[in-house]
2 protein chains.
Amino acid sequence: MSTPVTASSPLGVFDSGVGGLTVVRALRDLLPNESIVYLGDTARVPYGSKSPDTIRRFSMEDTQFLVSHGVKAVVVACNTATAHALPVLQATFRVPVIGVLGPGVEATLADPSCERVGIIGTAGTIRSHAYQHEIAMRRPDILIEARATPLLVPFVEEGWTDHPALKSVLREYLKPMLDKGIDTLVLGCTHYPLLVPLLKRMLGQKVRLVDSASTCAAHVKASLEQNGMLRTTKGKPQLDIYLTDHSEQAENLAKRFLGTDFGKVKKASL
Amino acid sequence: MSTPVTASSPLGVFDSGVGGLTVVRALRDLLPNESIVYLGDTARVPYGSKSPDTIRRFSMEDTQFLVSHGVKAVVVACNTATAHALPVLQATFRVPVIGVLGPGVEATLADPSCERVGIIGTAGTIRSHAYQHEIAMRRPDILIEARATPLLVPFVEEGWTDHPALKSVLREYLKPMLDKGIDTLVLGCTHYPLLVPLLKRMLGQKVRLVDSASTCAAHVKASLEQNGMLRTTKGKPQLDIYLTDHSEQAENLAKRFLGTDFGKVKKASL
């Protein structure tokens with residue numbers, strides 16, 4: 001029943017919701033000839049506040065859905081799912097499974113002057129200690145200051161990305177790390193690229209921002225090149241967006257995250 | 001297999017998460033001799049941003065769970081689920097199903113001087129127009145100003161119920177209704193009772209607050225009395241709390257909403 005996976009097969013991308021479309025946007029910028037199947041588990045969003053067992057179970061079902069759609073690789077465009085489920089996904093499925101976390105860590109450490117790193121993300125991502133662990137394993141000398149920042153996603157989803165209340169929230173969240181003199185801030189959530197303009201204004205040149213969406217896309221490109229799996233087929237690449245729950249709100253958000261309009265959203269049942 | 005339902009049977013209460021425990025708290029204040037089985041669908045929380053179909057499907061599964069635990073009545077302690085699913089639940093199940101919405105509307109209109117009503121709630125509750133419709137049907141002359149306020153739940157869950165950023169958010173959300181001179185504000189979400197102290201300070205005596213948790217508990221009491229279903233058994237009543245996802249965060253929140261400690265949380269699979 002399943003078609004064999006070739007270089008012409010689409011990339012699969014999943015996230016707990018529509019935030020992962022910032023990764024799709026970065027992928028389409030870097031790899032405009034690739035077809036993409038996106039799954040947003042909007043019926044069960046968010047994953048960030050749920051337990052590791054539940055996050056792993058949901059992530060397995062999401063990956064199974066993409067694999068059954070014949071994808072050549074799976075991108076876990078969700079920091080929480082990457083932090084808790086990447087090893088079990090990689091051990092279970094035959095296609096390559098790429099998370100957002102590793103590329104973000106690589107990009108963080110690529111700058112040799114990096115000495116003090118702040119990390120922000122959902123409760124699930126920060127509680128997993130996955131970023132902290134990956135960074136500490138490679139550079140035990142680095143100072144790490146991590147904080148769960150659960151109010152940021154709701155502000156992004158409300159579209160209040162330049163609201164005085166958001167600035168006040170960010171000031172409170174970031175104060176302990178700024179007091180410790182961080183030189184790099186890792187945006188450990190796919191919603192956060194939309195906060196970059198405000199963060200740049202608030203932090204100025206002092207703090208380098210590492211966003212997991214664009215670093216992940218660069219990693220996927222390198223991996224496809226290395227394995228000779230870039231799509232060379234002529235003809236327009238396809239973008240299929242599946243959501244487990246479809247609402248007007250999710251569709252409007254999806255457009256904001258993707259940065260462009262798209263065809264009809266399809267309903268997925270997991 | 002099922003035991004017959006009697007006056008000694010427990011009340012069933014469900015919510016998309018742990019916010020509905022504010023209703024349990026109000027029930028225990030008013031009906032200290034009743035046993036309660038609570039189900040929080042924390043694996044799929046929140047419902048407020050999801051589509052009507054999905055909300056109905058989840059609510060049916062939640063009610064089925066409680067009914068299979070032998071409850072004598074089901075309280076839908078979730079405004080979103082009440083708004084979208086109450087009629088189908090009442091048509092499907094034999095036990096009485098009581099929502100939070102009707103009692104809130106009754107309490108709103110019980111004050112004959114009420115002329116201008118503000119309503120705040122999740123996107124799902126406000127979009128359903130359920131409160132607006134119920135009020136307009138009974139009192140077509142009343143001015144209604146409703147607004148979805150999706151940032152309030154995250155602030156309550158973060159525990160920042162007295163933060164300057166929350167005040168700024170509330171000022172922005174409430175400004176259009178205050179400009180229209182509302183005399184009553186309906187708190188259409190079971191998280192919002194925790195905002196009452198701040199709202200009272202911000203709004204003073206001018207605006208009456210109607211909270212759906214305590215009005216719902218009063219309605220349940222009246223209904224049990226009317227049907228001769230009050231528990232008269234001696235012996236300590238039981239409180240069983242089931243969650244579909246169990247995390248430390250959910251348990252801490254649950255304690256804040258319930259206002260007291262409780263025994264071990266049980267895991268429910270739907």
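The values are calculated or read from the model by the stated rules, or taken from the named source; none is laboratory data. Not measured: the values here are computed from a predicted model. Counting neighbours? That spans all protein chains shown, and the Cβs are built from the backbone with ideal geometry, glycine included. With ligands, DNA and RNA removed, areas are computed over all heavy atoms of the protein, side chains included. Shrake-Rupley method; radii C 1.70, N 1.55, O 1.52, S 1.80 Å.
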- Query: Between a first residue in the stretch A:43-54 that is more than 8 Å from chain B (Cβ to nearest Cβ) and a second residue that is β-branched (Val, Ile, Thr) and assigned to a helix (DSSP H, G or I), which pairs have beta carbons less than 6 Å apart while being 6 or more apart in sequence or on different chains?
  - Reply: A:Tyr47/A:Ile55; A:Tyr47/A:Thr80; A:Gly48/A:Thr80
- Item | Lone qualifier among A:Leu152, A:Leu195 - being in contact with a Phe, Trp or Tyr (Cβ under 9 Å, 6 or more places away or on another chain), within 11 Å of chain B (Cβ to nearest Cβ) and in contact (Cβ under 8 Å) with a residue 40 or more places away in the chain | A:Leu152
- Task: Those residues that are open to solvent by 30 Å² or more (accessible area, probe 1.4 Å) and modelled with pLDDT of 95 or more, I need them from the stretch B:240-253; list them, please.
- Result: B:Tyr242
- Message: Tell me yes or no: at least one residue of the stretch B:153-166 is outside any helix (DSSP H, G or I) and either more than 19 Å from B:Leu195 (Cα to Cα) or within 14 Å of the chain's Cα centre (by Cα) (or both).
- Response: no
- Tally the residues that are open to solvent by less than 10 Å² (accessible area, probe 1.4 Å) and within 17 Å of the chain's Cα centre (by Cα), restricting the search to the stretch A:51-77. 11
- Members of the stretch A:219-259 that are more than 14 Å from chain B (Cβ to nearest Cβ), outside any strand (DSSP E or B) and either under 18 Å from A:Ala77 (Cα atoms) or aromatic (Phe, Trp, Tyr) (or both): A:His219, A:Val220, A:Lys221, A:Ala222, A:Ser223, A:Leu224, A:Lys255, A:Arg256, A:Phe257, A:Leu258, A:Gly259
- Per the list (1) within 14 Å of chain B (Cβ to nearest Cβ); (2) open to solvent by 10 Å² or more (accessible area, probe 1.4 Å), residue check on A:Gly102 breaks on (1)
- Item | Number of the condition not met by A:Ala268 [criteria: (1) touching a strand residue (DSSP E or B) at 6+ places or on another chain (Cβ under 7 Å); (2) away from chain B (no Cβ under 14 Å); (3) over 27 Å from A:Arg127 (Cα atoms)] | (2)
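Taking the conditions exactly as written (touching a Ser or Thr at 6+ places or on another chain (Cβ under 7 Å), small (Gly, Ala, Ser), farther than 30 Å from A:Asp141 by Cα and within 14 Å of chain B (Cβ to nearest Cβ)), does A:Gly19 satisfy them or not?
yes
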- Checked pairs for the stretch A:159-178, first more than 9 Å from chain B (Cβ to nearest Cβ), second among the hydroxyl-bearing types (Ser, Thr, Tyr), C-beta under 6 Å and 6 or more apart or across chains, list as A:Tyr173/A:Thr149
- Message: Condition (residue is at pLDDT below 95, in contact with a His (Cβ under 9 Å, 6 or more places away or on another chain) and outside the structural domain of A:Val45 (by TED's automatic domain parsing)) applied to the stretch A:157-175: is it met by at least one residue?
- Response: yes
- Note on the structure: Filtering the stretch B:23-49 for residues that are in a helix (DSSP H, G or I) and open to solvent by 10 Å² or more (accessible area, probe 1.4 Å) leaves a count of 5
- Message: Please go through (1) out of contact with any strand residue (DSSP E or B) (no Cβ under 8 Å at 6 or more places or on another chain); (2) open to solvent by less than 20 Å² (accessible area, probe 1.4 Å) for A:Thr161 and return the number of the only condition it doesn't satisfy.
- Response: (2)
- Query: Going through the stretch A:188-213 one residue at a time, which ones are crowded, with 17+ Cβ neighbours inside 10 Å, over 14 Å from the mean Cα position of the chain (by Cα) and outside any helix (DSSP H, G or I)?
  - Reply: A:Val207, A:Arg208
- Query: In the stretch A:120-149, what residues are open to solvent by 50 Å² or more (accessible area, probe 1.4 Å) and either within 11 Å of chain B (Cβ to nearest Cβ) or in contact (Cβ under 8 Å) with a residue 60 or more places away in the chain (or both)?
  - Reply: A:Arg127
